[in-house]
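First comes the structure, then the notes that go with it.
The numbers here are math on the coordinates, done by the rules we state, and not lab data. All values reported here derive from a predicted model rather than from experimental measurement. Glycine also receives a Cβ, built like all others from the backbone with ideal geometry; neighbour counts cover every protein chain displayed.
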Amino acid sequence: MKHMFLKVFACALAALACMDLSAVPDEVSYSRQRLFSGFDGKTCKIQPSIATDGSGTVLLAWQNLLLTGSDVFYGESMAKSTDGGKTFAPGVDQKIFADTWEEKIRTTYYGTVNYSKRSRRWYGLGAAQRYVNDKVPMLKSVDGRPATFPMYYTVDPEKGEFTSRHELQVPFEYARTLPFGQKLECENGDLLVPFYVIPQKNDANHKSYCVVTRCRFEGDMLKVLSAGTPLADDTYPRGIGEPSLAKLNGKYYLTLRTDVQGLWSESDDGVTFSKPRPWRWDDGSLLENYNTQQHWLRPDGALYLAYTRRGAHNDHVFRHRAPIFMAKFDPARGCLVRATEKVLVPELGARLGNFNVIDVAPDESWLITAEWMQPLGCEKYGSDNSLWLARVKFKVGKPSRGALCLTFDDRHFANWQRARAVFKKHGAHATFFVYGAIDASAAAAMRTLRADGHSLGLHGFTHARAASLLGKLGAEGYRAAEIAPQLNAAHAQGLAVRNWGYPMSQRNAETDAVLGRDFARMRTGCCWRKGKLLDDPMKAHDELFVPMAEAHRHTLFFGTPVPSCAEGWLEDVTGALERARDRDEVLVLYAHDITADDAKKDPHNVTSGQLDAILTRAAELNIPVVGFDELDSIRR
């Protein structure tokens with residue numbers, strides 16, 4: 001019992017540390033409809049999709065499955081609503097999805113219904129699957145003809161039907177490929193469409209991989225213009241697949257399926273993605289999603305993941321594919337926030353893993369899924385092949401402008417760790433620059449700070465003035481004496497550190513060049529003011545501010561000390577924060593220790609009360625307080 005309490009308490013603390021940079025906390029509400037219930041025990045409705053033009057018309061499509069086979073599909077149906085999805089007409093079999101035959105090979109067709117907001121166009125995307133002797137899915141090409149190939153469909157919303165089908169030509173070879181998962185519309189109307197691709201079995205690497213394509217409407221047709229860099233990971237038994245795409249603050253994210261666990265990847269350009277990472281909670285534990293898809297809910301200013309997972313009293317469900325959950329994604333830490341998890345669609349025995357999510361409005365997403373009635377007998381828990389429509393409404397907080405980077409220098413581990421509660425109270429993060437040996441005790445303290453979401457930096461092995469020491473030892477000698485001992489020790493302790501704080505703020509272009517080989521960001525000091533603060537306000541010093549649009553690629557930041565001992569110090573800081581908000585800029589401040597409120601005042605330090613006052617003022621102005629590492633995730 002004690003162990004369970006500690007685990008829950010740790011998870012709660014970690015959730016508090018997780019921070020979304022793009023918005024203040026969200027309010028989420030949702031409703032569910034159970035549509036088209038009932039099945040005949042022989043076939044079932046599966047893989048539904050839904051789309052709306054936002055003006056009342058909603059089209060809902062689904063495929064039909066033979067229960068006595070494995071992935072044996074027949075035809076497709078569509079139902080129409082004219083009242084925003086409150087009610088639907090009966091489903092109608094779609095003629096364009098009628099099977100075709102070539103000798104003993106049957107080809108069946110599948111498509112998701114879509115609506116393009118920018119081009120105001122209804123369309124379908126899907127695939128054609130070939131079967132041998134009607135019921136055995138082909139898994140590899142025969143005579144150069146792929147087993148599964150992508151399809152584009154035209155749609156007539158007035159009739160509520162798919163009207164024509166066309167094979168979609170792609171610039172890569174494949175045995176099977178599908179435009180599977182969520183797409184993104186670009187400002188010019190182009191679509192970024194993720195595919196997953198299964199190469200030929202006789203290829204050197206025949207495991208599946210993913211690729212994002214750029215597509216464009218030309219007349220009534222959709223054309224694939226280009227394909228990005230293939231994203232592969234051969235460590236998983238069948239590779240990776242079923243990608244879904246999202247974008248937040250100028251950065252792109254894919255969520256991916258493998259046999260072992262769900263993965264995610266990120267990109268600056270939407271076509272070349274990083275090595276996939278497992279989905280984890282904010283306490284570091286695995287999500288426990290596996291061998292099924294995940295999709296994004298994408299309200300303005302935030303991202304949520306929809307998924308299934310183990311550990312929900314659902315061992316009786318095939319591959320734990322029900323219930324469907326959602327949880328908020330924290331891009332700064334690359335995790336899901338456990339405290340935000342909700343059940344969107346309940347578990348009634350049947351799997352729900354093949355589902356579809358659309359963005360209906362900036363504050364609303366819809367999820368559609370079907371109770372997949374295999375294996376037979378799952379109905380005893382209450383499922384009856386219903387389609388479930390979950391509508392999720394978001395009240396996303398007002399987007400923030402600007403950011404404050406608080407930085408702390410030297411080696412005040414005890415007081416820094418005592419101040420963790422103040423940072424957690426405000427959901428704020430800082431950057432801690434450490435000088436001296438990175439021994440076991442220092443590494444333990446640094447890991448604790450990083451676990452709270454703070455950024456780490458190095459501050460020199462001997463705290464030497466950089467320009468002076470480099471002038472004596474030369475570039476390589478300086479690096480060997482002052483940088484390498486810390487950097488190597490940090491790496492040996494499993495700490496990747498990307499930031500550098502100049503001791504005593506001494507630097508020049510040569511030191512910047514040497515340090516830039518090892519560090520993404522450097523901080524130095526400037527603006528040491530004398531006399532009354534308000535005669536020389538912080539907000540007047542342009543060198544302290546960096547436009548948010550440039551922060552993710554900026555390397556050298558100038559900071560100024562928190563004027564903790566001066567009269568009017570908080571008013572001075574407030575003026576600088578207001579400038580950062582009004583002009584959407586990053587402000588950098590620094591101090592050394594974080595002392596008790598009754599400690600002797602020191603101009604190099606701040607007290608816990610002063611730290612609380614700064615963070616309170618930032619919160620009042622809706623300015624996020626972030627570490628240097630989090631600047632990577634901010635885009636304007």
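Okay, here's what the table says:
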{"quantity": "Estimated FRET transfer efficiency (residue 310, residue 540; beta-carbon r; R0 56 Å; 0.05)", "calculated": "0.50"}
{"quantity": "Estimated 222 nm signal from helices in the chain, with DSSP H stretches of n ≥ 4 weighted -39500 (n - 2.57), rounded to 500", "calculated": "-4500 deg cm²/dmol"}
{"quantity": "Highest to lowest packing among 96-104, 163-171, scored as the average C-beta count within 10 Å", "calculated": "163-171, 96-104"}
{"quantity": "Helix axis angle, 466-478 relative to the chain longest principal axis, alpha carbon, degrees", "calculated": "50 degrees"}
{"quantity": "Net charge of neighbours whose Cβ lies under 10 Å from the Cβ of residue 67, counting Lys and Arg as +1 and Asp and Glu as -1", "calculated": "0"}
{"quantity": "Out-of-range pairs (alpha-carbon distance over 18 Å; input 86/247; 207/247; 247/342; 86/380; 207/275)", "calculated": "86/247; 207/247; 247/342; 86/380"}
{"quantity": "Using alpha-carbon coordinates, inclination of helix 608-620 to the longest axis of the chain, degrees", "calculated": "40 degrees"}
{"quantity": "Pair residue 616, residue 259: separation of 7 Å Cα→Cβ label points (nm)", "calculated": "5.8 nm"}
{"quantity": "Estimated FRET transfer efficiency (residue 554, residue 134; beta-carbon r; R0 35 Å; 0.05)", "calculated": "0.05"}
{"quantity": "Extension gain, residue 118 back to residue 275 (0.36 nm per residue minus Cα-Cα distance, nm)", "calculated": "53.4 nm"}
{"quantity": "When the convex hull of its Cα atoms is projected in every direction, mean area for region 446-578 (nm²)", "calculated": "9.6 nm²"}
{"quantity": "13 Å reach of a label modelled at residue 53, 7 Å along Cα-to-Cβ, counting backbone N of region 150-181", "calculated": "155-161"}
{"quantity": "Over the chain, equivalent-ellipsoid semi-axes from the Cα gyration tensor in Å", "calculated": "52, 25, 23"}
{"quantity": "Once the Cα gyration tensor of region 293-405 is diagonalised, semi-axes √(5λ) in Å", "calculated": "31, 15, 9"}
{"quantity": "Cα-based helix-to-principal-axis angle, 440-451 vs the chain, degrees rounded to 10", "calculated": "50 degrees"}
